[in-house]
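> Have a look at the structure that comes next, please.
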Amino acid sequence: MGPTAGAFYLAGGGAALAVVLGSPFPVAATRLELGALAVTALLAGVLLLLRGYVLPRWAFHVVAGTGTLLITLAVPKCPTLATALAISAVYLFVAVDVVFFFTWRESAAHLSVLTAAGAWVLHDRPGMTPGVAVSLVVLLVVIAGVVGLLVHEAADAARDGLTGLANRRGFDDALDAALAVAARTGAPLSAALLDVDHFKSVNDHHGHAAGDELLRAVGEEYRHALPPGAVLARYGGDEFAVLLPGLPGPRALELVDRLRAAGTCAALSCGVAELSPGESGAELMRRADSALYAAKAAGRGRARLLDDTSAVLARDLADALAAGDVRAWFQPIVDPADGEVVGVEALARWTHPVRGPVPPLEFVHVAESTGLVHELGPAVLADACRGALEVRRAWGCELLLTVNVSGRELTNPDYPQRVLEVLADTGFPASSLVLEVTESVVDASGQAALDALRELRSHGIGVAIDDFGTGYSAFSRLDTLPADYLKLDAGFTAGITTSPRRAGMLEALLSLSATLGLRVVAEGVETAEQARLLTEMGCPLAQGWLFSRPVPPRQLAEQGRTGGVGPQRAGAAGARPRQGVTRV
Ligand code: C2E
Ligand code: CA
Ligand code: CA
């Protein structure tokens, strides 16, 4: 409001000054009086331009009222009808200003005073009739009304009706403007996406009105908490976006995380990204979205920043993918009773030209947070299919192939189609492919992930719930997830020989899984003792260093189905009597 009102005051003061300097005045004192009014308006304009932003909203009613008063005092001082009309035209600035910034009711009050004052100072001028004076002022008010209507309409298109915040369009406009400033000044710019955790369940359990109320409350809370200059918008659904000009990534993260932790309305997950040189607004928001995804996948109720190191690694990973340097290695999945290899899990392997082997968790995370996972996933899948066919040919038997899928891939609407294309290209049978997903990933990715899994299953592809038994797992989800296999996390397996309770849980889980039609794979089997216990409990499948480390497909093809993967050891272990474990 400050700069606009300031500009209007300057324009009005300038018009009055032009009259003072350019018109003959029969009475010199009147020229001085009008000059004083013009200078007052000009000074007020400068002050408003420089310091107007500190004024509270109500003060702008005083600013507008004072504008009306100054014009009303100035018009009678004008020497001719023409100059009086010129100065009364300045009423238009006040009228536009009030309809622009105030509610319709507030504007009506200002405009009534303005109409009365304008008609009163003009009606008795020589050459003017009261009717013409009133018509003139009413015309000014009507022009202001039309301008106000158009302005409000334009503003509504960029504003969210529910929260009163900017909507996505408004945010994008602000982002464009901020990008231009950042490019000109080199100042940092960060953006954040905030997502209300479990918003769907608020809507489902308490109704949409409660959901709306929650969004309004969150918007209101953050609007007041953000620093001046920040732009808060409702970005869509239960997602808010914040633009933080002048803040580098780490400080933006700190701020957003502090606000998140202090928030009282709802738990939020937040993703933050800082603008990189030459980056577009869309790319910046895509990275903020990736960071948000990472925050959700890490368990929600936290904030994440996409940092520079990830960006560098992502570039190298993109090169490696283009060069075909990311390969699928195989870790055998065996029957723990005899160690016979039933299938393999494909595990991505990448050796960085400078760093050497990069842990898959690290580069998969980078791929997820930069969108590269949409290339990594199909590349590993295709390599794994080719490798599995090679092993099948060498062994002359069928072989199950399990491949890890990231949640990011699942939310890509094209994902099922891409998997089917890879199968068609490589000739690997859908019925021998199993995709491994974690519960947390499915949860973070929502309905889209479930739909993708169901579609894939309709083509005969199997689904495994990976890492079951880690912090996240919930028994109640077992019957809702579309799955065929349950992979017990290595941490869970590790406990079965040392904790009788854990062994008891495994036994219960095996029977529950059998009821649900889920085949259990115990991961991380490192000792013969574990293999023996699993065999005794009837665990159908196992995987771990006891049987084999992950190896290149060719090596597996050459060493044979039972050679070198430890089946003899496991078989022997299975035959030994059980020791040291009491079932609960
Ligand atoms: P994961 O899916 O749980 O894979 C099993 C991990 O346990 C592998 O680690 C494997 O090498 C390791 N492992 C196997 N046997 C044993 C054992 O007896 N003891 C212990 N302590 N560990 C064992 P790796 O290869 O480092 O992979 C780590 C994670 O990276 C995987 O965990 C998976 O979440 C992810 N990952 C690997 N490849 C891919 C991929 O192609 N796509 C996606 N999205 N994720 C992948
Ligand atoms: Ca896995
Ligand atoms: Ca696992």
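> Consider only pairs whose beta carbons are under 6 Å apart and that are at least six residues apart or on different chains; among these, list those whose first residue lies in segment 165-183 and is of a type in the set (Phe, Trp, Tyr) and whose second residue is open to solvent by less than 30 Å² (accessible area, probe 1.4 Å).
Between residues of segment 165-183 that are of a type in the set (Phe, Trp, Tyr) and residues that are open to solvent by less than 30 Å² (accessible area, probe 1.4 Å), the close pairs are PHE171/ALA233; PHE171/ALA241.
> Hey, among ARG386, ARG393, which residue is touching a residue at least 40 places away in the same chain (Cβ under 8 Å) and in contact with a helix residue (DSSP H, G or I) (Cβ under 7 Å, 6 or more places away or on another chain)?
Result of the check over ARG386, ARG393: ARG386.
> Across segment 449-470, which residue is nearest to SER511 (Cα to Cα) among those that are surrounded by fewer than 20 Cβ atoms within 10 Å (Cβ to Cβ) and touching a residue at least 12 places away in the same chain (Cβ under 8 Å)?
THR470
> Then there's this: Inspect segment 330-350 for any residue being away from ligand 1 (no atom under 11 Å from the Cβ) and over 27 Å from GLY396 (Cα atoms) and give the result as yes or no.
no
> Six or more apart or on different chains, Cβ under 8 Å: which pairs go from a residue in segment 473-491 that's open to solvent by less than 60 Å² (accessible area, probe 1.4 Å) to one that's within 13 Å of ligand 2 (Cβ to nearest atom) and of a type in the set (Phe, Trp, Tyr)? Could you list them?
LEU486/PHE468; LYS487/PHE468; LEU488/PHE468; ASP489/PHE468
> Under 8 Å by Cβ, and 6 or more places apart or on different chains, what pairs join a residue from segment 275-294 that is within 20 Å of GLU409 (Cβ to Cβ) with one that is crowded, with 24+ Cβ neighbours inside 10 Å and of a type in the set (Val, Ile, Thr)?
Sorted first by the residue in segment 275-294, then by its partner, the pairs are ALA288/VAL272; ALA291/VAL272.
> Would you check if GLU274 is open to solvent by 20 Å² or more (accessible area, probe 1.4 Å) and modelled with pLDDT under 90?
Considered against the rule, which asks whether it is open to solvent by 20 Å² or more (accessible area, probe 1.4 Å) and modelled with pLDDT under 90, GLU274 comes out as no.
> Six or more apart or on different chains, Cβ under 8 Å: which pairs go from a residue in segment 493-511 that's over 18 Å from ASP466 (Cα atoms) to one that's acidic (Asp, Glu) and assigned to a helix (DSSP H, G or I)? Could you list them?
Going by the 8 Å Cβ cut-off, the qualifying pairs are THR497/GLU529.
> Looking at segment 162-181, can you tell me whether even one residue there is farther than 22 Å from LEU284 by Cα, in contact with a strand residue (DSSP E or B) (Cβ under 6 Å, 6 or more places away or on another chain) and outside the structural domain of ALA448 (by TED's automatic domain parsing)?
yes
> Any residue at all in segment 440-448 that's crowded, with 19+ Cβ neighbours inside 10 Å, more than 13 Å from ligand 1 (Cβ to nearest atom), assigned to a loop (DSSP other than H, G, I, E, B) and touching a residue at least 40 places away in the same chain (Cβ under 8 Å)?
Checked against the condition, which is being crowded, with 19+ Cβ neighbours inside 10 Å, more than 13 Å from ligand 1 (Cβ to nearest atom), assigned to a loop (DSSP other than H, G, I, E, B) and touching a residue at least 40 places away in the same chain (Cβ under 8 Å), segment 440-448 yields no hits at all.
> Of all helices (runs of 4 or more DSSP H) completely enclosed by segment 301-419, which ones contain at least 3 residues that are open to solvent by less than 20 Å² (accessible area, probe 1.4 Å) and hydrophobic (A, V, I, L, M, F, W, C)?
Passing ranges, in order: 308-322, 360-370, 373-395.
> Would you point out which residue out of GLY145, GLY127, GLY131, GLY164 is under 36 Å from the mean Cα position of the chain (by Cα) and either surrounded by fewer than 19 Cβ atoms within 10 Å (Cβ to Cβ) or modelled with pLDDT under 90 (or both)?
Just one listed residue meets the conditions, GLY164.
> Pull out all pairs, ordered by first then second residue, where Cβ-Cβ is under 6 Å, the residues are six or more apart or on different chains, the first lies in segment 539-552 and is within 15 Å of ligand 3 (Cβ to nearest atom), and the second is charged (D, E, K, R).
GLN543/GLU523; GLY544/GLU526; TRP545/GLU526
> Take the residues in segment 277-300 that are among the hydrophobic types (A, V, I, L, M, F, W, C) and crowded, with 17+ Cβ neighbours inside 10 Å, then tell me which one is farthest from GLY407 (Cα to Cα).
Per the criteria, the residue is LEU284.
> Which pairs have Cβ atoms under 7 Å, sit 6 or more apart or on different chains, and link a residue in segment 349-361 that is free of Cβ contacts under 8 Å to residues at least 40 places away in the same chain to one that is aromatic (Phe, Trp, Tyr)?
TRP350/PHE363
The values are calculated or read from the model by the stated rules, or taken from the named source; none is laboratory data. Not measured: the values here are computed from a predicted model. Virtual Cβ from ideal backbone geometry, glycine too; neighbours counted across all protein chains shown. Quick note on the areas: whole protein, heavy atoms, side chains included, nothing else; ligands and nucleic acids left out. Shrake-Rupley method; radii C 1.70, N 1.55, O 1.52, S 1.80 Å.
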